[in-house]
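Chemist: One structure follows; several queries about it will come next.
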Amino acid sequence: MSGGDAGRMHPREHIAKCPEKPAVVMAGSGRTLPYRDLVSRSNRAARCMRDLGLKVGDGVAILLENHFRFFEPVWATQNSGLYLTTLSTHLTPTELAHILNDSGASILVTSHAFAGKVAALIPLAPGVRHVLMMDGAIDGTQSYEALTDGQDDGPLPGEVQGNFMLYSSGTTGFPKGIKPQLTGLPLGSAAPASSWSNSMRRRCWQPSSAIASLMCNACRRCSCVC
């Protein structure tokens with residue numbers, strides 16, 4: 001996704017026209033999150049990540065089920081010049097640790113639904129400085145809600161575009177990461193032509209089955225209404 005695409009897709013683009021329109025709709029319960037609240041929550045998450053010491057170019061990983069708050073840390077990273085890696089919930093702790101260690105993620109955002117898996121994962125990923133857990137924390141983790149919900153909901157000063165660090169399926173060994181260069185441009189600016197498309201062509205990259213499955217789950221989890 002180029003910077004120009006990110007700008008057009010950004011939830012802030014919808015606030016002036018339809019702040020109460022649902023950005024997220026949970027299929028099972030019908031619970032909704034309006035664009036206004038998604039923007040506020042993602043700003044709080046971004047400020048939390050900055051308070052925890054992350055700077056432009058650092059990484060965040062997400063291990064979540066079909067969770068109502070999934071897109072808060074997603075947009076927080078993209079507002080803050082951070083790399084985001086989404087993790088398949090089907091991977092074992094050892095497989096997850098490989099991706100966390102390889103990506104250099106400093107923060108893992110997860111939920112109590114994966115408490116057992118995360119407990120086994122923490123000692124295998126020493127580079128992860130903070131594990132933020134939704135819906136209740138366990139030993140070795142911090143409460144996501146406690147760290148984010150009290151933050152100011154205004155945007156961070158000097159926002160720059162983040163990007164995604166995705167992984168291959170690992171059919172010939174361990175999954176391999178694709179880390180496109182950050183543009184360093186302000187949020188919503190047009191990205192240079194050498195960003196995602198050229199990076200993927202050079203590396204002959206194909207979407208991994210795990211990531212493709214996760215992205216499909218994200219679409220089923222919430223209807224993103226434009």
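The values are calculated or read from the model by the stated rules, or taken from the named source; none is laboratory data. Quick caveat: nothing in here was measured; it's all calculated off a predicted structure. Every residue, glycine among them, receives a Cβ derived from its backbone with ideal geometry; neighbour counts consider all protein chains shown.
Chemist: Between a first residue in region 167-191 that is farther than 14 Å from residue 85 by Cβ and a second residue that is modelled with pLDDT under 90 and part of a loop (DSSP other than H, G, I, E, B), which pairs have beta carbons less than 6 Å apart while being 6 or more apart in sequence or on different chains?
Modeler: So the pair list comes out as 169/208; 183/191; 191/2.
Chemist: Which residue out of 111, 80 is in contact (Cβ under 8 Å) with a residue 12 or more places away in the chain, closer than 25 Å to residue 160 by Cβ and not hydrophobic (A, V, I, L, M, F, W, C)?
Modeler: Going through 111, 80 in turn, the sole match is 80.
Chemist: Do we find a residue being more than 16 Å from the chain's Cα centre (by Cα), surrounded by 17 or more Cβ atoms within 10 Å (Cβ to Cβ) and closer than 18 Å to residue 52 by Cβ anywhere in region 83-92?
Modeler: no
Chemist: Kindly state which strands (runs of 3 or more DSSP E) lie completely within region 79-144 and contain at least 2 residues that are touching a strand residue (DSSP E or B) at 6+ places or on another chain (Cβ under 9 Å), closer than 30 Å to residue 12 by Cβ and aliphatic (A, V, I, L, M).
Modeler: Qualifying strands (runs of 3 or more DSSP E): 105-111, 130-134.
Chemist: Test residue 200 against the criterion of being within 23 Å of residue 79 (Cα to Cα), surrounded by 13 or more Cβ atoms within 10 Å (Cβ to Cβ) and at pLDDT below 95, and give yes or no.
Modeler: yes
Chemist: Just to check your reading of the model, which residue among 100, 64, 54 is in contact (Cβ under 8 Å) with a residue 60 or more places away in the chain and either crowded, with 17+ Cβ neighbours inside 10 Å or within 20 Å of residue 163 (Cα to Cα) (or both)?
Modeler: 64
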